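Okay, so here's the structure we're looking at.
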């Protein structure tokens, strides 16, 4: 099994998606394939992100499998402390928003004199 990654975003906000494929593909060929798909779908995709649109086509036409949360069978928390080892829930949290996300991340950069305590 061979693994590939798609990334989208800038220095502040980004997304990444892993793909797997049984047959090897050299990095340059993968890049060229992704670029050809990107050019074709970038102005018309309906997915949440461009990389999801590209991954869908890679799955449908090029024998890739996207490794996404919806396909997880099990999630296990592992720790050196026995009580911290458990089988995690794959069910969405009740307080998750309409996208199934129960958290948000914000990066803020403050430029000041450093005198503020928080």
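Of note, residue 33 does not satisfy the criterion of being touching a strand residue (DSSP E or B) at 6+ places or on another chain (Cβ under 7 Å) and surrounded by 13 or more Cβ atoms within 10 Å (Cβ to Cβ).
Applying a threshold of 6 Å to beta carbon distances and a minimum spacing of six or more residues, or different chains, the list of pairs starting in segment 42-71 at a residue that is under 18 Å from residue 21 (Cα atoms) and ending at one that is modelled with pLDDT of 90 or more and part of a loop (DSSP other than H, G, I, E, B) reads 53/45. Evaluated against (1) touching a strand residue (DSSP E or B) at 6+ places or on another chain (Cβ under 9 Å); (2) assigned to a helix (DSSP H, G or I), residue 38 falls short on exactly one condition, (1). Summed over segment 68-100, the residues that are at pLDDT 60 or above and surrounded by 10 or more Cβ atoms within 10 Å (Cβ to Cβ) give a count of 9. Among the conditions (1) under 20 Å from residue 7 (Cα atoms); (2) modelled with pLDDT of 65 or more; (3) assigned to a loop (DSSP other than H, G, I, E, B), the only one that residue 106 does not satisfy is (2).
Counting the residues of segment 1-30 that are farther than 24 Å from residue 70 by Cα, touching a residue at least 60 places away in the same chain (Cβ under 8 Å) and surrounded by 11 or more Cβ atoms within 10 Å (Cβ to Cβ) gives 0. Of all residues in segment 44-53, at least one satisfies being assigned to a loop (DSSP other than H, G, I, E, B), modelled with pLDDT of 90 or more, more than 30 Å from residue 89 (Cα to Cα) and touching a helix residue (DSSP H, G or I) at 6+ places or on another chain (Cβ under 6 Å).
The values are calculated or read from the model by the stated rules, or taken from the named source; none is laboratory data. Because the structure is a prediction, the values reported are computed rather than measured. So basically every Cβ, Gly included, is an ideal-geometry build from the backbone, and we count neighbours across all protein chains shown.
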